[in-house]
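A.B. asks: First the structure, which I've put down as structure tokens, then a few questions once you've had a look.
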Amino acid sequence: MLKIKQATFITSVADKKNYYKTDKPIIAIAGKSNVGKSSLINMLAGQKKLARTSVTPGRTRLINYFDFGEFILADLPGYGYAKVAKEEKKKWGQLLEDFLSTQKLALLISLVDIRHDPTSDDKMMLNYLYHYAIPFNLVATKADKLGKSKVKPRLKEIATDLRVGVADVIGSSSETGYGKQEILDAIEKAVAVYKEQAKTEQNNQTEE
Ligand SMILES: Nc1nc2c(ncn2[C@@H]2O[C@H](COP(=O)(O)OP(=O)(O)OP(=O)(O)O)[C@@H](O)[C@H]2O)c(=O)[nH]1
Ligand SMILES: [Mg+2]
């Protein structure tokens, strides 16, 4: 079972020249502004103030990297904030596509708000993931805002809407810690797969 001993902030990056290079597996966190990306990172770290959470969404255009020991977490800028102009949205799309095509990821965790139906941006995100063959999990955030009996049926609805298996959608709450272990389990699996692949690639190279 994966346990986080300590997590530290590494760096903020604005463009692809400076993407963080590491041998450790990288897990990225994506989702629209205000969905709870930074809060989720704090929950996983067991630290309240590791990633800055914001009441006013949609201002950060930076990728923030955190060292979690076994792996690196990348907090991606939020997308789809209603008040952001078209030009801004285009820039965000470019940044995201650059990132997904350049930085090799062990897993991308795509966040949606459990109370809302996935947006066209959420669906575009999934299309990128399929296109670049990036392993992903979906996390439905803010489950504490729903009555307990409503959580499971909502996860199913979200899975159907996004055409993914219901086992790929994890409910979570950064307020109560609900879903934390399930997310860590998904990360642990992805890290193991990533390391296995890296080993195979290395062996292939020595054989050549
Ligand atoms: N009730 C509840 N509130 C949450 C949860 N997660 C996040 N929030 C609140 O939602 C707001 C946005 O959270 P952030 O973690 O800053 O969201 P973000 O996705 O990082 O936002 P950007 O960085 O602006 O894209 C904050 O007021 C959080 O306190 C949750 O699980 N439950
Ligand atoms: Mg944030």
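Every number here is computed from the coordinates shown, using simple stated rules; none is lab data. What you see is a predicted model, and the numbers here were worked out from it, not measured in a lab. All Cβ positions, glycine included, derive from the backbone under ideal geometry; neighbour counts span all protein chains shown.
A.B. asks: May I ask you to compute the full-extension gain from Glu157 to Lys91, defined as 0.36 nm times their residue separation minus their alpha-carbon distance, rounded to one decimal in nm?
C.D. replies: In short, 20.7 nm is gained.
A.B. asks: Could you list, in their original order, any pairs among Lys123/Lys180; Lys21/Lys145; Lys17/Lys90; Lys21/Lys142; Lys24/Lys49 whose Cα atoms are separated by more than 29 Å?
C.D. replies: Long pairs (Cα-Cα over 29 Å): Lys21/Lys145; Lys21/Lys142.
A.B. asks: Ordered by residue, what ³J(HN,Hα) values in Hz, to whole numbers, does the range 88-98 give under the Karplus form 6.51 cos²θ - 1.76 cosθ + 1.60, where θ = phi - 60° and Gly and Pro are x?
C.D. replies: Using θ = phi - 60°, the values come out as 4, 4, 4, 4, 4, x, 5, 4, 5, 5, 4 Hz.
A.B. asks: So how much slack lies between Thr102 and Asp15, counting 0.36 nm per residue of separation and subtracting their Cα-Cα distance, in nm?
C.D. replies: 30.2 nm
A.B. asks: Using a Debye calculation, one point per C-alpha and no hydration shell, please list log10 I(q)/I(0) for the range 1-42 at q = 0.14, 0.32 Å⁻¹ in order.
C.D. replies: Each listed q corresponds, in turn, to -0.47, -1.26.
A.B. asks: Hey, another quick one. Which length gain, in nm to one decimal place, applies between His116 and Asp23 when the Cα-Cα distance is subtracted from 0.36 nm times their residue separation?
C.D. replies: 29.8 nm
A.B. asks: If you keep only loop residues by DSSP, which trypsin sites (Lys or Arg not before Pro) in the range 119-169 have at most 11 other Cβ atoms within 10 Å of their Cβ?
C.D. replies: Arg163
A.B. asks: Relative contact order (percent) for the range 8-190, with alpha-carbon contacts under 8 angstrom and 6 or more residues of separation?
C.D. replies: Relative contact order, the range 8-190: 23 percent.
A.B. asks: What ranking do Leu162, Leu73, Leu62 get, fewest neighbouring Cβ atoms within 10 angstrom at the top?
C.D. replies: Ascending Cβ contact count within 10 Å gives the list Leu62, Leu162, Leu73.
A.B. asks: Apply the a/c threshold of 1.5 to the C-alpha gyration tensor of the range 141-194 and tell me whether it is rounded, prolate or oblate.
C.D. replies: oblate
A.B. asks: Does the range 8-190 come out rounded, prolate or oblate by the C-alpha gyration tensor, with a ≥ b ≥ c the root eigenvalues, rounded set by a/c under 1.5 and, if not, prolate when a/b is larger than b/c and oblate if not?
C.D. replies: Note, shape of the range 8-190 comes out rounded.
A.B. asks: While we're on this one: So for the chain: antiparallel DSSP bridges make up what percent, rounded to the nearest 5?
C.D. replies: So the antiparallel bridges in the chain amount to around 30 percent.
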